[in-house]
Amino acid sequence: MSLDITIPSQDLLRLIDASLNADYTSVRQISNRIASHSASFAPEVSKKIKLAIRRNGVPLRASGYSENLPTDPKSRSALVEEQAWPVCPVFLNESLKKTFESFISSVKNYELLLKNGLTGRMNLLMSGPPGTGKTLVAGHIASALNMPLYVVRLDSLVSSLLGDTAKNIRSVFDFVPEKNGIIFLDEFDAIAKLRNDHHELGELKRVVNTLIQAIDSLDDRAIVIAATNHAELLDRAIWRRFPYRMDFEQPDIDLRAHLWDHFLFQDQGDATTTSALAKISSNLSGADIESISLSARRLSVISDTKLDLQDVAIDSIRSAHPDINILSGEQLNKKELCRTLHQQFRLNQVEILSIIKTSRQTLSTYLKE
Ligand SMILES: Nc1ncnc2c1ncn2[C@@H]1O[C@H](COP(=O)(O)OP(=O)(O)OP(=O)(O)O)[C@@H](O)[C@H]1O
Ligand SMILES: [Mg+2]
């Protein structure tokens, strides 16, 4: 396979220019173009470029470079932050995947839709429980569209000074589209929650109205993504501004199997084990599965031992079903554990044996007793 690719001299010059100006939005855009262009004849190189773009998105900022981000005049804190594109893949159920893809293709085919009178606002509202992948999806959308993602810091947006809040909203809604970026209102319920804080109702109404006006005044092509845990707290008038919706739920059994496979086995798991773990983790979010997996992997690396799947199973049952009492360590009652797995979670013997350290014969005796 060839490791050489040809870069048009214009791209190379622009890339050098952008690098020296620390304009990393352009560095990423040009590099991404080169990666897409070389994907067909040098897939390995293309992959490496894409990885490099993702991995190295943030250090420029860490090294002291900062774009001229809009700030709150009083506190001087930034109103938006650029969020790096994610490296982690996202696993979605069929219906969410469909909306995700249709959103991206609508943005990409904007001109065509426009010609046929079919455009609408490119605004997406995501709702659902914590840790189910909303923020991650926003990052994937930005990366698929090759656009920078600007997260609006709602806490700094709402100023204690009357009038500044409206100015802040304006400056964010002016700044981001100018950068050809996506406006991301993450944890959007913070706006609605102001109601319970010391802010008065009139002030909240003003904030919401200014926000609505700001959304309405955007160019049709501008993209706004909002994410919330509590869609029901949002104003109806806000809902109407978001024609695309993704309602996240806790992952179903198939999705959980994929999440275990990815986070615990780095995509190398076997179907029996991942299905066994999926069966016992019914109330866990993607973030929960990730956290249990990573702590098991850390332990295995540090103690230089194999992954302890039995511990993973116990951890998952404990987090997903706090009502079930499972002892661990010295007090572990393996027979009880196997019976619980069999009776309560409907694991068959092969599945139990894939996660519990015991022999087939012992397991049969446990289950027969
Ligand atoms: N569907 C998923 N696919 C892949 N990874 C996931 C998924 N859901 C959660 N994760 C993992 O959990 C982490 C946290 O998810 P994320 O921040 O996107 O959740 P969220 O829905 O935005 O939660 P919150 O409502 O608390 O902001 C992700 O970075 C990822 O590692
Ligand atoms: Mg989030």
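The values are calculated or read from the model by the stated rules, or taken from the named source; none is laboratory data. Because the structure is predicted, anything quoted here is derived from the model rather than measured. Note that we place each Cβ from the backbone using ideal geometry, even for glycine, and neighbour counts take in every protein chain shown.
Things worth noting here:
- Residue in the stretch 180-188 that is on the phi < 0 side of the Ramachandran plot, in contact with a strand residue (DSSP E or B) (Cβ under 6 Å, 6 or more places away or on another chain), within 16 Å of ligand 1 (Cβ to nearest atom) and assigned to a loop (DSSP other than H, G, I, E, B) present: yes
- Single residue of the stretch 151-163 satisfying the filter (away from ligand 1 (no atom under 16 Å from the Cβ) and buried (at least 17 other Cβ atoms within 10 Å of the Cβ)) that is nearest to residue 182 (Cα to Cα): 157
- Verdict on residue 293 being within 15 Å of residue 311 (Cβ to Cβ), without any contact (Cβ under 8 Å) to a residue 40 or more places away in the chain, in contact with a Lys or Arg (Cβ under 6 Å, 6 or more places away or on another chain) and buried (at least 16 other Cβ atoms within 10 Å of the Cβ): no
Yes/no per residue for (1) among the aromatic types (Phe, Trp, Tyr); (2) surrounded by fewer than 19 Cβ atoms within 10 Å (Cβ to Cβ); (3) at pLDDT 85 or above:
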site: 44; (1), (2), (3): no, yes, yes
site: 75; (1), (2), (3): no, yes, no
site: 93; (1), (2), (3): no, yes, yes
site: 113; (1), (2), (3): no, yes, yes
site: 124; (1), (2), (3): no, no, yes
site: 131; (1), (2), (3): no, no, yes
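- Test: residue 293 is within 16 Å of ligand 1 (Cβ to nearest atom), touching a Gly at 6+ places or on another chain (Cβ under 6 Å), polar (S, T, N, Q) and modelled with pLDDT of 95 or more: no
- Scanning the stretch 230-244 for residues that are within 16 Å of ligand 1 (Cβ to nearest atom), touching a residue at least 60 places away in the same chain (Cβ under 8 Å) and surrounded by fewer than 16 Cβ atoms within 10 Å (Cβ to Cβ) yields a total of 1.
- Residue 92, sole failed condition from (1) without any contact (Cβ under 8 Å) to a residue 40 or more places away in the chain; (2) under 23 Å from residue 245 (Cβ atoms): (1)
- Qualifying residue in the stretch 267-284 (condition: near ligand 1 (Cβ under 8 Å from one of its atoms) and crowded, with 17+ Cβ neighbours inside 10 Å): no
- Top-ranked residue in the stretch 7-42 [being in a loop (DSSP other than H, G, I, E, B) and exposed (fewer than 12 other Cβ atoms within 10 Å of the Cβ); ranked as nearest to the chain's Cα centre (by Cα)]: 40
- Filter pass, residue 247 being of a type outside the set (Ser, Thr, Tyr), modelled with pLDDT of 95 or more, surrounded by fewer than 17 Cβ atoms within 10 Å (Cβ to Cβ) and at negative phi: yes
- Residue within the stretch 96-106 that is touching a Lys or Arg at 6+ places or on another chain (Cβ under 8 Å), modelled with pLDDT of 95 or more and assigned by TED's automatic domain parsing to the domain that holds residue 241 present: yes
- Residue check for residue 129: under 21 Å from the mean Cα position of the chain (by Cα) and under 28 Å from residue 158 (Cβ atoms): yes
- Given (1) buried (at least 19 other Cβ atoms within 10 Å of the Cβ); (2) touching an Asp or Glu at 6+ places or on another chain (Cβ under 9 Å), index of the condition residue 339 fails: (1)
- Taken together, the criteria exclude residue 249 from residues that are within 16 Å of ligand 1 (Cβ to nearest atom) and without any contact (Cβ under 8 Å) to a residue 12 or more places away in the chain.
- The number of residues in the stretch 107-138 being under 23 Å from residue 286 (Cβ atoms), more than 10 Å from ligand 2 (Cβ to nearest atom) and either among the small types (Gly, Ala, Ser) or assigned to a loop (DSSP other than H, G, I, E, B) (or both) comes to 2.
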